[in-house]
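Structure first, then comments.
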Amino acid sequence: MSDHRDRLRVAVQKSGRLAQDSLALLRRAGLAFRESRDRLFLYGENLPIDVLLVRDDDIPGLLQEGSCELGIVGRNVYAEQALAATGDAFPLESRALGFGHCRLALAVPDGGALASVADLAGLRIATSYPQLTARWLREQGIHAEVVLLNGSVEIAPRLGKADAICDLVSSGATLLANQLHELATVLRSEAVLVRAAQVPSAAVANQIERFCGRIDAGLSGHGARLLMLQAPRSALAAIERLLPAREQPSVLGLDGRPDDIALQALCDAQLDWQHLEELKRLGARALMVLNVERMLA
Ligand code: PRT
Ligand code: ZN
């Protein structure tokens, strides 16, 4: 447990696939920061929140030892370390963040004899995720050997080091290039916000609540569009059916025009030109779509 401290610390990946989106999320939550000279630390200028830039693998441990209270990490890394964790202060997964999507998948060589999960019995599976792989094998009731590799897992079958692999996949291009194909998904992953089991002070606990509230507002507002239009009242039901609305639209009367209405609807990002053209066909006028910058439910 760290000593008393009033500033919240958030750990994010310094460079790599999650780095940019993690900082973008912090900015959307309203945090403005100044970089330290060594680029290991971002000092929050407008809120008592600082950001540590680290290797993704170090994030759960930093939370567990009390150096930080929040972190952004792939669920694959978090879940693997959670299975290996000892002690009771392991951080908790708090929210999925909607980026860094990938899956931990079991893959086998093309054109081989392995056609189903049951065929893995007695074979060697190379992976950087031994805990998750072993758990999945147990759940499937399969006895197989897990071979730990810390890189280039996809070439293990060709090198004769393993019969199958369990690795992260996003587009599938790496598997394809290595003449492998997926047999099963072991874990669906994306970036998640993890939260320390203990906090150093009431001030930090307050900051966590406030910050998580902003993250949630940022997540729900992200991609949202506000649609405004006027239309004949008789077209309202058809308009409401058409809209990818997140909630019941607001409908207002118009002075001196009893047959018309004005409508405001909060819509998903999928609201596109085609929707607008169809709305127009239904008699809608004065159509306007605005990107939603901030939202607080
Ligand atoms: O330096 P540091 O330790 O911080 O970074 P790192 O090299 O360990 O991690 P990094 O930046 O590669 O990945 C960080 C996180 O991004 C991972 O833990 C995942 O949660 C997430 N992520 C999303 C991915 C991928 N997609 C991904 N495709 N991580 C790795 N890959 C690799 C995969 O291992 C395989 O080699 O990309 C290859 C497969 O990609 P496709 O598109 O060919 O299928
Ligand atoms: Zn890493």
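Expressed as a rounded percentage, what relative contact order does region 23-116 have, with Cα pairs under 8 Å and six or more residues apart?
Values: 68 pairs, mean separation 13.9, N = 94.
Dividing the mean separation by the residue count of region 23-116 yields 15 percent.
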Please list, by residue number, everything in region 234-253 whose backbone N is under 14 Å from a paramagnetic label point 7 Å out along Cα→Cβ of Glu278. 237-245
Mean residue ellipticity at 222 nm from the helices of the chain, using -39,500 (n - 2.57) per DSSP H segment of n ≥ 4 over the full residue count, to the nearest 500 deg cm²/dmol? -7500 deg cm²/dmol
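What length, rounded to one decimal in nm, is gained on full extension from Ala197 through to Arg241, with 0.36 nm per residue of separation minus their alpha-carbon distance?
Extending this stretch completely gives an extra 11.4 nm.
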Within region 205-225, name every residue whose backbone N is under 13 Å away from a label modeled 7 Å from Cα of His4 along the Cβ vector. none
Estimated inter-spin distance, Ala262 and Arg17, nm [label 7 Å along Cα→Cβ]: 4.7
Cα centroid separation, region 1-69 to region 174-211 (Å): 15
Normalising by the residue count of the chain, find the relative contact order in percent from Cα pairs under 8 Å and 6+ residues apart. 20
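Report, for the chain, the % of DSSP beta bridges that are antiparallel, rounded to 5.
Numbers: 47 of 62 bridges.
Taking every DSSP beta bridge with both residues in the chain, the antiparallel ones total about 75 percent.
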Take each uninterrupted DSSP H stretch in the chain, measure its Cα extent along the helix axis, and return the ones at 18 Å or beyond whose mean Kyte-Doolittle hydropathy is at least 0.0. 202-221
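Taking R0 as 25 Å, what's the FRET efficiency between Ser250 and Arg27 from their Cβ-Cβ distance, rounded to 0.05?
After rounding to 0.05, the efficiency reads 0.25.
Once you have a ≥ b ≥ c as the square roots of the Cα gyration tensor eigenvalues for region 102-188, tell me rounded if a/c is under 1.5, and otherwise prolate or oblate according to whether a/b is larger than b/c.
Values: a/c = 1.31, a/b = 1.19, b/c = 1.11.
In terms of gyration-tensor shape, rounded.
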Skipping prolines and chain starts, which residues have an amide H placed within reach, meaning under 5 Å, of the one on Ser94, given they are 5 or more residues away or on another chain? Leu193, Val194, Arg195
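What accessible area per residue, rounded to a whole number of Å², is obtained for region 93-215 using a probe radius of 1.4 Å? Write out the running numbers ahead of the final one.
Details: 5840 Å² over 123 residues.
For region 93-215, the per-residue accessible area is 47 Å².
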Spin-label pair Asp38/Glu139, simplified geometry with 7 Å Cα→Cβ offset, distance in nm: 4.0
Regression test value, accessible area per residue of region 232-297, probe 1.4 Å, units Å², expected 71
Using a probe of 1.4 angstrom, how much of the accessible area of the chain is carbon and sulfur, in percent? 49
Using 7 Å Cα-to-Cβ label points, what is the Ser152/Ser171 separation (nm, one decimal)? 2.2
Have a look at Ala217, Ala82, Ala118 and tell me which one the Gaussian network model of the chain (Cα, springs below 10 Å) gives the largest fluctuation. Ala118
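The values are calculated or read from the model by the stated rules, or taken from the named source; none is laboratory data. Here the structure is a predicted model, which is why all the values come from computation and not from measurement. Virtual Cβ from ideal backbone geometry, glycine too; neighbours counted across all protein chains shown. Side chains included, ligands, DNA and RNA excluded: accessible areas come from the protein's heavy atoms. Shrake-Rupley method; radii C 1.70, N 1.55, O 1.52, S 1.80 Å.
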